[in-house]
Structures are given as structure tokens and as C-alpha cells.
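Written out below as C-alpha cells is the structure these notes cover.
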């Protein structure tokens, strides 16, 4: 009998889900993960560990997931196509599932030119949509991508990412539909700051009935400073930070900006909860994990199921 992950159980029961994120260290220190996991425990339903985010070398996602699992959290392993061909991807899927990691987020991956080894050779044998189909076939058909059969299939609740704010906007829902057709069970979106654009994207999602086929978790994050908001607006591809957000942060005394950034996050959570089709949030407080309990409590999302 299939064992459901905590995240799958929460979403299937119709609860508003909360996932978090842990950035792994650029070292072999397991205490970094343990310390962050202790901050998140009791406030989230599952946690992601990034997989070489921005193509910078860090502890592997599956290893950090295991450390967090030992602390009592439900892990979501992230896996990118940048560093693995279809053989390595399928090997890692089997390995993660065998270790009791039952959630996976399938990503294409940031290009290596953005990281600390820009001369590394990228693989990109598959993209995220093809990768989703590989996981689905392994889980549901007990078949490898080549068609060979396996004795014991990986038990995985499969996720993907979506960016409602990237151009061209008209293709965002079409791309989401392809990921759903390929096998995505849940979606975690880019961080939401432009509420109007996100609401329009969700309307188009619902118009196509996609919200009935996949669980959508809206990405949210607190902002520490005005400078951080400006950086996301001008330097981070695919981010949409309206001027009104920057003005709101500029409108408070400097010593209160971080508190206002937390309050802003809570306000956005309360707004996305009212939007049809949103099944939960993915709270990204990277290197600011200590704010998670305050945010979740202020948003009225306690106790967790």
C-alpha cells in the first residue's frame, strides 16, 4: 500500500498547505540544516532543499533532506536537469525514494554561467516537463525512460515550479498545463509581490480547470530591506516587484523596515488565501528562517494539521 507524504495528505484533505525552504550550506556541516529545521518544525507541512541554486556548489539536496527528515520534517527533494542526464536522474529518483523521501520538485535548473563554476559543462539532457513525465512513468507504470520495467516503483508526490510573472505572460498558463499533463501533482510559484498579475494568472488557471488537476502553492517571502526589494526588482530575472512595494518599505523608519517586510508577507498570504484555486503557500525565508514562526502565526495558519 502506498504511503503518502505529509504534504500529500494535507493537500488531499483540503487543508491550506504551508511549505518552507532550507538553503543548504556551502560546506559539509550538518548542523546548519539541523538548526534551520528546528526553527521550522511545527510551522510547516514540508520543506524544500534547493539543488545547486544559482549554480553554486552547496550540500546536495537529498543529503540535506535526510538531515531534515531526522529532525521530524517532511522533505521535498529538489532535482535539476542541469547536472544530470536521464540515467543519473533516474538513479537519484530511486535513491531518494529508497531513503524515504516521498516528495520531489522537478526543475530544469539555473544555467551554470550564473554560478561559481561558469566553465562547467551543463547537461540539460531533459527539461523539467520531460523530467516530470519520467517520474510519472517510473511511479505509475514501473517503467524506466528506456521502457525497461522495475520491481519496486518510487513512491513520490511530484511537484514543479511555475512563474506567473515571466514574459510572455500569455504562455505562462500554457506552460503550466504542459507540466500538469506531464504529471505534476503540485506547483510552487515564483514569489508573489504583484498581486494583480498573480490574480489574473490564477483566473486563467481556473478558466482552464487546472486548479482541479494540480495543487497550487503561491510563493511568498519577507523582505529585509528597501535595497533587497530594489535588487529583486532590477536584478533578478522573472521577479515582479511593483513600485508600491518599494514605496511601502520606504515609508517606515529604517529600523522598522524588516518588521514591515514581515508584515507585508503576512498581508500577501492573507490575500492569496482569498484567490480561487490557491491550495497553499510556499514560504521562502532563506537565511531568515527565524521569521517563519512569526509569519505563520500572524497569518492565522496554526496549528498545522
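Residue count for region 69-85, restricted to those that are surrounded by fewer than 22 Cβ atoms within 10 Å (Cβ to Cβ) and either in contact with a helix residue (DSSP H, G or I) (Cβ under 7 Å, 6 or more places away or on another chain) or part of a loop (DSSP other than H, G, I, E, B) (or both): 6. Pairing each residue of region 56-79 that is touching a residue at least 60 places away in the same chain (Cβ under 8 Å) and on the phi < 0 side of the Ramachandran plot with any residue that is part of a helix (DSSP H, G or I) and surrounded by fewer than 24 Cβ atoms within 10 Å (Cβ to Cβ), provided the two are 6+ apart or on different chains, yields C-beta distances under 7 Å for 74/6.
Looking across 138, 91, one residue alone is farther than 30 Å from residue 192 by Cα and touching a residue at least 12 places away in the same chain (Cβ under 8 Å). It is 138. On the stretch given as region 20-36, residues that are surrounded by 24 or more Cβ atoms within 10 Å (Cβ to Cβ) and part of a helix (DSSP H, G or I) total 2. Among the residues of region 37-68, those identified as under 14 Å from the mean Cα position of the chain (by Cα) and part of a helix (DSSP H, G or I) are 53, 61, 65. Is it the case, given these coordinates, that residue 302 is closer than 22 Å to residue 42 by Cβ and either without any contact (Cβ under 8 Å) to a residue 24 or more places away in the chain or under 17 Å from the mean Cα position of the chain (by Cα) (or both)? Taking the combined requirement at face value, the residue does not satisfy it.
Of the residues making up region 7-19, those that are part of a loop (DSSP other than H, G, I, E, B) and in contact (Cβ under 8 Å) with a residue 24 or more places away in the chain are 13, 15, 16.
A short reminder: the numbers here are calculations on the coordinates, not readings from a lab. All values derive from a computational prediction rather than experimental measurement. Positions of Cβ are generated from backbone atoms using ideal geometry, with glycine treated the same way; all protein chains shown enter the neighbour counts.
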